[in-house]
Each structure stands twice: as C-alpha cells, then as structure tokens.
Amino acid sequence: MLDRLHKKQTPAQVEHAVSEAKRQGIARVHGFFVVGSPDETEADILESFRFAARLELDTFGFNRLCAYRGTPLWQEYVARGIIDDDRDWHKWFKCTDIDPTALPSAVVNRLRAKGYALLFLHRILHRPLQTWKLLCVFGRHMKVTDIIKLLASPFRRRTLTRRPELPARMLNAGLDEPERPCEA
C-alpha cells in the first residue's frame, strides 16, 4: 500500500525510524496509519495492524484515507471520472465512500475494530510495563473515565449524524455509494 500511495518508503525504513527514535531517547512515538485505500484488501488492512504491533510505538491511530483537492489521489479520481474537479472542488472524500476499488466503509470499520483489539491485546501481553507507564502518564492529564472512553472509542458503534458528502457524478446518478464490481 505504501507503493500504491507513492509514499517512497518501505516497511523496513519505517521500522528503522521508529527504533532509532526510541534509541535516541524520544519518549513518545506515535504511529499514524491510513486504511481504506484504493485496491486495499481485508488482508492488507489486518497486516497493517500486525505491522504496527511489531513496532515500538507508544500510541497509534488508524484512520480512513481521504482525498483532498490538490493531492495526487484527487487527481487520480478526476482522471478516473469519480470526481468532477469543477463541481467538487470545495469537498473532501473518504475513499471508502466514493471509490469502487476501495472496501466499503462498514467493512473497513469492522476491520479497524478487530485490528485495534488485536493491537491492544498484543501491547498488553508483550509490553505490559510500558503500557502501564503510558496509562499513568495519561492519568496525570486525563480523568480515568476519559481514558476509558478513549480506549473504548475504536470499538464503539457510531451512528452517522450526517451523510458523507458525495461527488457530483454520484449525486446526479442518485447513488448513495459507489457501484462496486460483484465478486463471485
């Protein structure tokens, strides 16, 4: 997925950077990951969580990939006819909401919850002391109830309060989601 998104880095380079940051004494290292990319599979998403578990991260976040105007992904979507640059210029889109080659949002959210559960379990079993110390640091700045809400948030089912904004082409066609190819 790093190659697909033109990140110009390898997992080995990421691993080295995180290890080096810890070796140099950086106290808190955060891993920021995106899921829900075009052409990403369920196995790819779960592998991202397994990769995060191997790293010496203190905190982490997994968010769905978005296309913003001016980015290479936006230009790709314009070229593919998903986005109309003239009519959609003021919008941003989660790829899972507009791209038929991306997994549906519900699937990505289910995989995120599963991945977070695996990642939390791995962290508690393999790094219990570091996990306890991190929770103590949080406790100096947050109420216990807020820490519990933070840790539970990846597993909470959310009801959308507003529908995702869709590209003009989808709105004109009366679509709520992209037309995905049928799988046999």
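The values are calculated or read from the model by the stated rules, or taken from the named source; none is laboratory data. It should be emphasised that the depicted structure is a prediction, and the values quoted were computed from it without experimental measurement. When we count neighbours, we look across all protein chains shown, and the Cβ atoms used for this are built from the backbone with ideal geometry, even at glycine. All accessible areas refer to the heavy atoms of the entire protein, side chains included, with ligands and DNA or RNA removed. Shrake-Rupley method; radii C 1.70, N 1.55, O 1.52, S 1.80 Å.
Most fluctuating residue of T41, T71, T96 in a GNM of the chain with Cα springs under 10 Å: which is it? Highest fluctuation among the options: T71. Only helical runs count toward this figure. For the chain, summing -39,500 (n - 2.57) over DSSP H runs of n ≥ 4 and dividing by all residues gives -15000 deg cm²/dmol at 222 nm.
Overall, the range 58-127 carries a charge dipole of about 500 debye about its Cα centre when +1 sits on the Cβ of Lys and Arg and -1 on the Cβ of Asp and Glu, all other atoms neutral. Our estimate of slack between I26 and T145, defined as 0.36 nm per intervening residue step minus the Cα-Cα distance, is 40.1 nm.
Computed from the Cα positions only, the extents of the range 1-105 along the three principal axes stand at 49, 26, 21 Å, in decreasing order.
Across the chain, Cα pairs under 8 Å and at least six residues apart give a relative contact order of 23 percent. Extension gain, N63 to L129: 0.36 nm times the residue separation minus the Cα-Cα distance gives 21.1 nm. The order of F33, F155 by accessible area, most exposed first and with a 1.4 Å probe, is F155, F33.
Taking every Cα-Cα distance in the chain and sorting them into 5 Å bins starting at zero, the pair-distance distribution P(r) comes out as 1, 7, 14, 17, 17, 15, 12, 9, 5, 3, 1 percent.
Ranking C66, C136, C95, C182 from most to least accessible surface, computed with a 1.4 Å probe over the protein chains only, gives C182, C136, C66, C95. The range 104-132 and the range 37-75 have their alpha-carbon centroids 14 Å apart. For the options P154, P104, P128, a Gaussian network treatment of the chain with springs between C-alpha atoms closer than 10 Å singles out P128 as fluctuating the most.
Here the relative contact order of the range 97-184, from alpha carbon pairs under 8 Å that lie six or more residues apart, stands at 53 percent.
Bridge orientation summary for the chain: considering DSSP beta bridges with both residues in this region, about 35 percent are antiparallel. Note on the chain: GNM, Cα springs under 10 Å; of L125, L57, L111, the largest mean-square fluctuation is that of L125.
About the centre of its Cα atoms, the chain shows a dipole size close to 1140 debye [charges on the beta carbon of Lys, Arg (+1) and Asp, Glu (-1) only; nearest 20 debye]. Each label point was placed 7 Å from the Cα along the Cα-to-Cβ direction; for R110 and L175 their separation is 2.2 nm. Here r is the Cβ-Cβ distance between R80 and R156 and R0 is 25 Å; the resulting FRET efficiency, rounded to 0.05, is 0.15. Which entries in the list K91/K149; K7/K94; K94/K133 go over 27 Å, if you measure between the two C-alpha atoms of each? In this structure, K91/K149; K94/K133 exceed 27 Å between Cα atoms.
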